[in-house]
Amino acid sequence: MDKTGQCVRKGLVFAIIALTLAAAPLKSFAAPFAAMVMDARSGEVIYSRNADTRLHPASLTKMMTLYIAFEAVEHGEISLDTEVTISRNAASEPPSKLGLRPGQKIRLRYLIRAAAVKSANDAATAIGEAIEGSEEAFARRMNRTARAMGMTRTTFKNMHGLTEAGHLSTARDMTVLGRHVFYDYPDYYNLFSRITADAGTRTVYHTNRRFLRSYRGADGIKTGYTSASGFNLVASAERGGERIITTVFGGASTAARNAKVAELMDLGFGKAPRRVAIRRPQKPPYMGHADDGRVGKAVRVSTLIGRSPLPRARPVADPPKELLLAIEGGIAEAVDEIAATPVAEGSSDGTLPALPLQEVPVPQPRPAELTLAALEPAGAEQPQIVTRMSSSGGRQWGINVGRYGSRYQAEKVLLQTALKELGTLDDALRKVKQGNLGFDANFVGMTEQEAALACRRLSARGAECTPFGPS
């Protein structure tokens, strides 16, 4: 073979080697491994490894997308039955996807199911665009919510989790997020355990159905995979009143990841105490839109007093039936007591004798030498009465003790809770608020300190309690 032929042959060999090395990272090089095991009841960490290493979360990202969707529905930003128009951007997302078309209309509830069960990227993008208008705006809201939860090492760039520069999280932060999903929106949590779901256009199947079927007590939460992240999973399981959340980043395969999660779950159930006080995570404040005055705008507070309007009357709740019955009983007893009183002497017709008239003192004339205070000259600025300098310490806080299917159930729980916690709830008003998902049982008219104390005492008894501030 001449030199020209040898050079051509060597060039082909080098080209093959280069192509092989370029493809190698997709299969041969494993993603970094990280894990965390947490007792969901108390938030105590049972096991961790590389838990604070920033890695690619992949579709674990959709837990935050769905969390914000639940929040938006709860606060009336959007309805589960809102018809969402699919954008070209959402429809062009790569698989896994539902197969949505540009211009197609589909209800939000179906998008939520597709994102939670199938991990559909087009559905996740459509959710974010429907709530915030664009991917960038929704990512900013995701990051605000993450910071409020204490996810200090997480940065979101998109709503689906496909690999993007700077889109990173940690095993610890994703465990914290999974715990918030479970405690903050229990009415939606069952989505993550559905093996199949109706997504409007078709039936979708859960990406983690193998683990859900094989591990006793497993009921969620979310899988994730890209070539950069490896096989990720945030899983939750409950056995005998104990709940464990386990997060794994960087599994080598679905089977290897599931086996590792099962091993760590067993470790968690083995080390978790049988009984422990439930310490629910503090629900982050409602973020809303950054441009509607609730978030993202600096508020300048002026200490100059312009005017002092009369304070609004404190809202008065309808008295409970028990109180009305007690008042009626007291009135009846008083009437009976008056009827049994003997007639006074000197009364021939059964009426009480007239009381003697008393002399009314005549007012004395003003002393001549009395000097009156001088009046303010006309046009002088009159001092204003300050009724309240700030509302930050006012009684504008409250607590929520659950959501129920009927107003009667909510009122019953409020009464029972008030009787248990007379010390902290004696001055609070009971209020039932009807929403799209049921009837919220609230105590209102509290200070921030009173609300926090009441929730600590109720949580120590195992009762549900979430404080909330002025909206």
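The values are calculated or read from the model by the stated rules, or taken from the named source; none is laboratory data. Remember, it's a predicted structure, so these values are computed and weren't measured experimentally. When we count neighbours, we look across all protein chains shown, and the Cβ atoms used for this are built from the backbone with ideal geometry, even at glycine.
Search segment 440-471 for residues being among the polar types (S, T, N, Q) and at pLDDT 85 or above, and hand back the single one that is farthest from HIS75 (Cα to Cα). Top of the filtered list is GLN449. When the helices (runs of 4 or more DSSP H) confined to segment 126-242 are screened for residues that are of a type in the set (A, V, I, L, M), those reaching at least 2 such residues are found at 135-149, 171-184.
For segment 166-196, a residue qualifies if it is of a type in the set (A, V, I, L, M) and either in contact with a His (Cβ under 6 Å, 6 or more places away or on another chain) or without any contact (Cβ under 8 Å) to a residue 40 or more places away in the chain (or both), and exactly one does: ILE195. Answer with yes or no whether ASP187 is modelled with pLDDT under 95, of a type in the set (Asp, Glu) and in the same structural domain as MET151 (by TED's automatic domain parsing). So ASP187 fits the description; yes.
One residue is enough: does segment 114-126 have a residue meeting the conditions modelled with pLDDT of 95 or more, in the same structural domain as LEU162 (by TED's automatic domain parsing) and surrounded by fewer than 18 Cβ atoms within 10 Å (Cβ to Cβ)? Among the residues of segment 114-126, not one is modelled with pLDDT of 95 or more, in the same structural domain as LEU162 (by TED's automatic domain parsing) and surrounded by fewer than 18 Cβ atoms within 10 Å (Cβ to Cβ), which makes the answer no.
The residue list ALA171, ALA165, ALA235, ALA146 contains one member that is surrounded by fewer than 19 Cβ atoms within 10 Å (Cβ to Cβ) and of a type in the set (A, V, I, L, M), which is ALA165. Scanning segment 443-460 for residues that are in contact with a helix residue (DSSP H, G or I) (Cβ under 8 Å, 6 or more places away or on another chain), touching a residue at least 40 places away in the same chain (Cβ under 8 Å) and within 17 Å of GLN282 (Cα to Cα) yields GLU450, ALA454, LEU458.
Scanning segment 87-99 for residues that are closer than 22 Å to ASN208 by Cα and surrounded by 21 or more Cβ atoms within 10 Å (Cβ to Cβ) yields GLU93, LEU98. Of everything in segment 405-439, what is touching a Phe, Trp or Tyr at 6+ places or on another chain (Cβ under 8 Å), closer than 21 Å to GLY76 by Cα and not hydrophobic (A, V, I, L, M, F, W, C)? Give them in sequence order. Within segment 405-439, GLY405, SER406, ARG407, LYS431, LYS433, GLY438 qualify. Note on segment 450-467: residues that are touching a Lys or Arg at 6+ places or on another chain (Cβ under 9 Å) and under 15 Å from LEU414 (Cβ atoms) total 6. The single residue among VAL84, VAL73 that is modelled with pLDDT of 95 or more, under 28 Å from ILE195 (Cα atoms), buried (at least 21 other Cβ atoms within 10 Å of the Cβ) and in contact with a strand residue (DSSP E or B) (Cβ under 7 Å, 6 or more places away or on another chain) turns out to be VAL84.
This table checks each residue for (1) under 21 Å from LYS271 (Cα atoms); (2) assigned by TED's automatic domain parsing to the domain that holds ARG41; (3) touching a residue at least 12 places away in the same chain (Cβ under 8 Å).
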residue	(1), (2), (3)
THR203	no, yes, no
THR207	no, yes, yes
PHE211	no, yes, yes
ILE221	no, yes, yes
SER229	no, yes, yes
ALA235	yes, yes, yes
GLU238	yes, yes, yes
PHE249	no, yes, yes
